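Asks: One structure, as structure tokens, below. Some questions next.
The values are calculated or read from the model by the stated rules, or taken from the named source; none is laboratory data. Computed from a predicted model, the values in this text were never measured in an experiment. Cβ placement follows ideal geometry from the backbone for every residue including glycine, while neighbour counts extend to all protein chains displayed. Areas reflect the complete protein model, heavy atoms only, side chains present, ligands, DNA and RNA absent. Shrake-Rupley method; radii C 1.70, N 1.55, O 1.52, S 1.80 Å.
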Amino acid sequence: MATLWLLRHGQANFSGDSYDQLSPLGFEQARRFGDWLTAHGTTVHRSFRGQLRRHRETLEALREQAPAVPDAEVLPGFDEYQFQRVLSAYLALHPECPEYRIAAEGREAGPWIRVLHRALGAWAEHRLDHLDVEPSADFTGRIGSALRAVLDTAEPRERVLVVTSGGVISTILQAALG
């Protein structure tokens, strides 16, 4: 049986123009994992990643310290859900969301997390499907297809690395754990 490693991208850049890039800490996190692989003599036989910039940058930084890790095959099925679209769609339906007003007034993470939690709940319950948002069922389906493509071609005792995002990893774990 193959071993599947799911690696969340390094810390994203919250303060820049684009969240879809690593922060300096994110690059360091990826390099440290590469150091760990090298220090432990761990062989990665194949690697995959989503097509997002933060996935690519994580793998590139990791490979600086662990050059034996093969370059990744890009599978769009491992891309994260588009949280800005989910959030925008939810706020279009609920412009008076009290958590949003609190979040917009300050720079604290707590209110934003509560707004995103509400938005993700609406998305999972298919209340945003009619808006410009990938339906949650499609998100889950594309992850399942990408994972099957990886696992169906994995050789016994092969170590397979997938660099992706937290929502994708969470979805895979939910399916695995029932």
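Asks: Along its three principal axes, how long is the chain when you only count alpha carbons? Whole Å, largest extent first please.
Replies: 54, 34, 24
Asks: Only Lys, Arg, Asp and Glu count, each charged at its Cβ (+1, +1, -1, -1), so figure out the dipole size of the chain about its Cα centre, rounded to 20 debye.
Replies: Roughly 340 debye for the chain.
Asks: How much accessible area per residue does the chain have, in Å², with a 1.4 Å probe? Mind showing how you got there, number by number?
Replies: Values: 10120 Å² over 178 residues.
Ligands and nucleic acids excluded, the figure is 57 Å² per residue.
Asks: Would you pull out the residues with amide H under 5 Å of Trp5's amide H, same chain only if 5 or more places away, H placed 1.01 Å from N?
Replies: Val160, Leu161, Val162
Asks: Once you've got the GNM for the chain with C-alpha springs shorter than 10 Å, pick whichever of Ala89, Ala109, Ala119 has the biggest mean-square fluctuation.
Replies: Judging by the Gaussian network model, the answer is Ala109.
Asks: Just to check I understand the Karplus step: with θ = phi - 60° and J = 6.51 cos²θ - 1.76 cosθ + 1.60, what whole-Hz values come out for region 32-49, glycine and proline as x?
Replies: 5, 5, x, 4, 4, 4, 5, 4, 9, x, 7, 8, 9, 7, 9, 9, 9, 7
Asks: For a protection proxy built on the mean count of beta-carbon atoms within 10 angstrom, sort 4-11, 18-25 highest first, please. Working shown, then result.
Replies: Details: 4-11: 19.4, 18-25: 15.4.
Highest mean packing first, the order is 4-11, 18-25.
Asks: Got a number for carbon plus sulfur as a percent of the chain's accessible area, 1.4 Å probe? Kindly include the intermediate steps, with their values, before the conclusion.
Replies: On the way: 5370 of 10120 Å².
About 53 percent, which is the carbon plus sulfur part of the accessible surface.
Asks: To the nearest 20 Debye, how big is the dipole of region 68-162 about its Cα centre, given +1 on the beta carbon of each Lys and Arg and -1 on that of each Asp and Glu? Intermediate values should be presented prior to the final figure.
Replies: Working: 10 positive and 16 negative charges, 57 e Å.
Value, rounded to 20: 280 debye.
Asks: Something else: May I ask for the angle, rounded to the nearest 10°, between helix 166-177 and the longest principal axis of the chain, with both axes built from Cα atoms and the value confined to 0 to 90°?
Replies: 80 degrees
Asks: Tell me the angle of helix 83-93 to the major Cα principal axis of the chain, expressed in degrees between 0 and 90 and rounded to the nearest ten.
Replies: It is inclined by approximately 20 degrees.
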